[in-house]
Amino acid sequence: MSMDRDISQALLEQVNQALNQGTPLRIQGSNSKAMLGNPVTDEVLDTRSHRGIVSYDPTELVLTARAGTPLRDIEAALHAAGQMLPCEPPHLGPEATLGGMVAAGLSGPRRPWAGSVRDYVLGTRVITGHGKLLRFGGEVMKNVAGYDVSRLMAGSFGCLGLLTEVSLKVLPRPRECLSLRLPMGCHQALEALAEWGQQPLPISAACHDGDALYLRLEGGEGSVRSARQRLGGETLDSGFWSDLREQRLAFFNDPAPLWRLSLPNATGELHLPGRQLIDWGGAQRWLKSSAPAQAIRDQVAKVGGHATCYAPGAASSPPLPAALMRYHRALKQQLDPQGVFNPGRLYPDL
Amino acid sequence: MNILYDERVDGALPAVDQAELLQALRSALPDLEVLHREEDLKPYECDGLSAYRTVPLLVVLPERLEQVQTLLKLCHQRGVPVVARGAGTGLSGGALPLAKGILLVMARFNRILEVNPQGRYARVQPGVRNLAISQAAAPHGMYYAPDPSSQIACSIGGNVAENAGGVHCLKYGLTVHNLLKVDILTVEGEHLTLGSDALDSPGFDLLALFTGSEGMLGIVTEVTVKLLPKPQVARVLLASFDSVEDAGRAVAEIIAAGIIPGGLEMMDNLAIRAAEDFIHAGYPVDAAAILLCELDGVEADVHDDCERVAAVLTQAGAREVRLACDEAERVRFWAGRKNAFPAVGRISPDYYCMDGTIPRRELPRVLKGISDLSSEYGLRVANVFHAGDGNMHPLILFDANLPGELERAEAIGGKILELCVAVGGSITGEHGVGREKINQMCAQFNSDEITLFHAVKAAFDPQGLLNPGKNIPTLHRCAEFGAMHVHHGQLPFPDLERF
């Protein structure tokens, strides 16, 4: 890949300059996740010139790449070797980068069965708020030396440091993949999912759109065949799952604000104003609703979940309990004492 | 260099008068059981790393969370260090007491609070044993996946503190991958919930940060773990090889074939002979290495994968591949591996277990390096290896009664860990740094990285009262250890490539 470049020294200089001048930075890849968190208006630090896969050995199940590497390049390299990112990260834009994927920490439809972005982070290189380029974790599956700073970076929206390189655990693609559509009501679907969740079925995605349950089966030939026989339904094009992941299903065209509701497994139907789409076998629900933010949050909190608004603004991130917020501030203060990285992106005073 | 807490390099600890502290505890917590007599304290002087011992100032055995909270507040006010302990099975001295600190034993919090098969979780107190969770979930056809070999005795609170692993990590992950929520008390006695009942939670991923933090950031008071449906079947293949290189290549070939085994273990000849002599598992005692490959899942898939793996193993040069013909033989194959440590204990008065991880491709080179070190130091080393995930457990054989042997064992152990770092690995895969590997941290991380670890600690425990001296060395210690200059790119073993 001729565009591969290591500009970590230039990035380090830019951060050190920002530290010297006291001018905060807005860390940005392709800006595909701008709808999350609060807008940051500071000087842009663009990661996209720092790109390229640094190492990838399929038999080690580890890929290391620079933060500005387009996700599609990474997925293409994995695909060519018969492997994948199990957490199925949403791109939400054609130029989405690895750094943005890890910083946003969003996972796709396979998440409840395969794990989240942070589950697959093995190591990182980070430019810190003290102007140092440091390395945490590594390229091995098991590593418990020191605090797990690498996984802490996942989902931190760049508020704790600038990711320059990430090592991920990857997995072989399943031998067999089959998608099904089973017409049934929402209540019935949630009950069935709660029951199947206790059984060794090869389900790797489950969505309900109000009319039908959509299932993806992944595994060996035998398990997929027998599950298909048992569950019935009509087969479905597997493109459904990328459309769900990338928010391209018709559901997402509704002009009302989009909310992501994260809920405990086996949560029943949730009655809220607006339309809903069930994902993650019930543990994630998409809501299109113009209801007041507080009303949505209160109802979701009652069942042990939390709600994130997919529109930039102060109401985007779910609020934290006061004690937890205090330790967030303490951590930010320690790792980014000058508040140079993405101030306010996650919470106004972080 | 001494491993025990050394105020000169590990930082000064406040002097505490035992009698005065005991008096204060008794008046604030009249119903808290406190041990203070030398003979009562003695049994708590070490954890599973018994070569290192320190009698604690006091031992407290609370039974209610309010007691822990009051205790922490009191210790915080008085500046008294607190070392938390679960079942005391840790192998890295993570619960090694301090002569100037209280040992907080959480073992009495041993109730399973909820098993919820529909929600696929279990909510338990920190002193519940790892295996007890799976036993409680078994009637629902479910289990808790991480299975450290001490699972019959180790507690879940300790598992969280150490991010414990086991033989099924490659497929099912470590402790961090199998938690939903952890409740903790901070050093100030403040309650925090990290994670949630949902699959993610807002804000920074403090659950990931706390997992494996070795009791340095807070005290675990409740744990909600994920439960998984039990695999329908599990089968084990035993393959013997004439060289460890072939066995290592076979592991890579299995992965390349797109198969992730439930367990994939390697043993070298010394470990094979020790285990066979002890367990009579049916291992080939003349093999240079054996691989145990367990495939689990749905019957049809496991059947197909067994055939694929057998073909791959043969292709990679296995001179014999045996599929355990029934459950009894499967258990026997595993018994040899699971008893490898005590088996080695039978052929040597003492042994010292290491826990480095390496990229698997480096296995032949690392084994050669270990073999060279073994000759150089005149100590035998048996190798047991979680081959699937690159986690090595070299067992150094020595006799503590022979003058100088413990020191030689420590020295060769340190060299082995530095070798792991040199090939791009880590000094610890699942046992933790604790006190044991505190010096080798200086080889794996540079002073800026260690400084950042201290900054993380300062966010939660600025006075450094929780488990001082564990996990993260002081820069002073690293300077003393003299390892700072051998970090990244300037490591020992100059003949090795860098990446």
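The values are calculated or read from the model by the stated rules, or taken from the named source; none is laboratory data. Predicted model only: the values in this text are computed from it and were never measured. Counting neighbours? That spans all protein chains shown, and the Cβs are built from the backbone with ideal geometry, glycine included.
Structural remarks
- Pick from the stretch A:271-287, criterion free of Cβ contacts under 8 Å to residues at least 60 places away in the same chain and surrounded by 20 or more Cβ atoms within 10 Å (Cβ to Cβ), ranking: farthest from the chain's Cα centre (by Cα): A:Leu287
Results for (1) closer than 21 Å to A:Leu61 by Cβ; (2) more than 11 Å from every other protein chain (Cβ to nearest Cβ), shown as yes or no for each residue.
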| residue | (1), (2) |
| --- | --- |
| B:Ser240 | no, yes |
| B:Arg249 | yes, no |
| B:Ile255 | yes, no |
| B:Arg273 | no, yes |
| B:Leu291 | yes, yes |
| B:Glu294 | yes, yes |
| B:Asp305 | yes, no |
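- Of all positions in the stretch B:90-102, at least one carries a residue that is assigned to a strand (DSSP E or B) and farther than 14 Å from B:Gly218 by Cα.
- So B:Val115, is it within 12 Å of chain A (Cβ to nearest Cβ), outside any loop (DSSP other than H, G, I, E, B) and out of contact with any Ser or Thr (no Cβ under 8 Å at 6 or more places or on another chain): yes
- Selection within the stretch B:367-391 - crowded, with 24+ Cβ neighbours inside 10 Å and either of a type in the set (Phe, Trp, Tyr) or within 12 Å of another protein chain (Cβ to nearest Cβ) (or both): B:Phe385, B:His386, B:Ala387, B:Gly388, B:Asp389, B:Gly390, B:Asn391
- Flag: B:Phe204 matches the condition of being farther than 26 Å from B:Leu49 by Cα, buried (at least 23 other Cβ atoms within 10 Å of the Cβ) and within 11 Å of chain A (Cβ to nearest Cβ).
- None of B:Thr54, B:Thr70 is among the polar types (S, T, N, Q), closer than 30 Å to B:Tyr351 by Cα and modelled with pLDDT of 95 or more except B:Thr54.
- Selection over the stretch A:250-283 of residues that are hydrophobic (A, V, I, L, M, F, W, C) and under 14 Å from A:Tyr310 (Cβ atoms) gives a count of 7.
- If you go through the stretch B:47-60 and keep only what is in contact with a strand residue (DSSP E or B) (Cβ under 8 Å, 6 or more places away or on another chain) and crowded, with 20+ Cβ neighbours inside 10 Å, you end up with B:Asp47, B:Pro56, B:Leu57, B:Leu58, B:Val59, B:Val60.
- Those residues of the stretch B:91-111 which are under 23 Å from the mean Cα position of the chain (by Cα) and within 30 Å of B:Pro139 (Cβ to Cβ), in sequence order: B:Met106, B:Ala107, B:Arg108, B:Phe109, B:Asn110
- Residues in the stretch B:163-179 that are touching a residue at least 60 places away in the same chain (Cβ under 8 Å) and at the interface with chain A (Cβ under 7 Å from one of its Cβ atoms): B:Asn163, B:Gly165, B:Cys169, B:Leu170, B:Leu174.
Each row is one residue, and each column tells you yes or no for (1) facing chain B (nearest Cβ under 7 Å); (2) more than 27 Å from A:Leu261 (Cα to Cα); (3) of a type in the set (A, V, I, L, M).
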site	(1), (2), (3)
A:Gly93	no, no, no
A:Gly99	no, no, no
A:Ala104	no, no, yes
A:Arg110	no, no, no
A:Val117	no, no, yes
A:Arg125	no, yes, no
A:Lys132	yes, yes, no
A:Lys142	yes, yes, no
A:Ser167	no, yes, no
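- Residue, farthest from the other protein chains (Cβ to nearest Cβ), within the stretch A:288-301, restricted to residues that are free of Cβ contacts under 8 Å to residues at least 24 places away in the same chain and touching a Pro at 6+ places or on another chain (Cβ under 7 Å): A:Ala291
- Selection within the stretch A:317-340 - facing chain B (nearest Cβ under 7 Å) and in a loop (DSSP other than H, G, I, E, B): A:Ser317, A:Pro318, A:Leu320
- For the stretch B:150-201, a tally of residues being small (Gly, Ala, Ser) and surrounded by 24 or more Cβ atoms within 10 Å (Cβ to Cβ) returns 6.
- Within the stretch A:1-105, helices (runs of 4 or more DSSP H) holding 2 or more residues that are of a type in the set (S, T, N, Q): A:8-21
- Selection over the stretch A:146-174 of residues that are more than 17 Å from the chain's Cα centre (by Cα) and of a type in the set (Val, Ile, Thr) gives a count of 2.
- Unique match (being surrounded by fewer than 24 Cβ atoms within 10 Å (Cβ to Cβ), under 21 Å from A:Ala10 (Cα atoms) and within 12 Å of chain B (Cβ to nearest Cβ)) among A:Thr59, A:Thr64: A:Thr64
- Given (1) out of contact with any Phe, Trp or Tyr (no Cβ under 7 Å at 6 or more places or on another chain); (2) assigned to a strand (DSSP E or B); (3) away from chain A (no Cβ under 14 Å), number of the condition B:Val331 does not satisfy: (2)
- Scope the stretch A:67-87; condition within 12 Å of another protein chain (Cβ to nearest Cβ) and of a type in the set (S, T, N, Q); matching residues: A:Gln83
- Checking each residue of the stretch A:73-88 against the condition of being buried (at least 20 other Cβ atoms within 10 Å of the Cβ), at pLDDT 95 or above and either among the hydroxyl-bearing types (Ser, Thr, Tyr) or closer than 30 Å to A:Gly339 by Cα (or both) gives no match.
- Residue check for B:Tyr44: of a type outside the set (A, V, I, L, M), within 14 Å of chain A (Cβ to nearest Cβ), touching a Leu at 6+ places or on another chain (Cβ under 8 Å) and buried (at least 20 other Cβ atoms within 10 Å of the Cβ): no
- Residues that are of a type in the set (Gly, Ala, Ser) and either within 14 Å of the chain's Cα centre (by Cα) or at pLDDT 95 or above (or both) within the stretch B:379-389 comprise just one, B:Ala382.
- Annotation: B:Val182 fulfils all but one of (1) closer than 30 Å to A:Gly37 by Cβ; (2) within 11 Å of chain A (Cβ to nearest Cβ); the unmet one is (2).
- Residue list for the stretch B:411-438, filter: more than 11 Å from every other protein chain (Cβ to nearest Cβ) and over 16 Å from B:Leu91 (Cα atoms): B:Ala411, B:Ile412, B:Lys415, B:Ile416, B:Glu418, B:Leu419, B:Ala422
- When residues of the stretch B:211-238 are limited to those that are closer than 27 Å to B:Asn383 by Cβ and in a strand (DSSP E or B), the one nearest to the other protein chains (Cβ to nearest Cβ): B:Ala234
- Some residue of the stretch B:194-204 being over 26 Å from B:His76 (Cβ atoms), without any contact (Cβ under 8 Å) to a residue 40 or more places away in the chain and of a type in the set (Asp, Glu): yes
- Within the stretch B:207-258, the set of residues being of a type in the set (Gly, Ala, Ser) and surrounded by 23 or more Cβ atoms within 10 Å (Cβ to Cβ) comprises B:Ala208, B:Gly212, B:Ser213, B:Gly215, B:Gly218, B:Ala239, B:Ala247, B:Gly248, B:Ala250.
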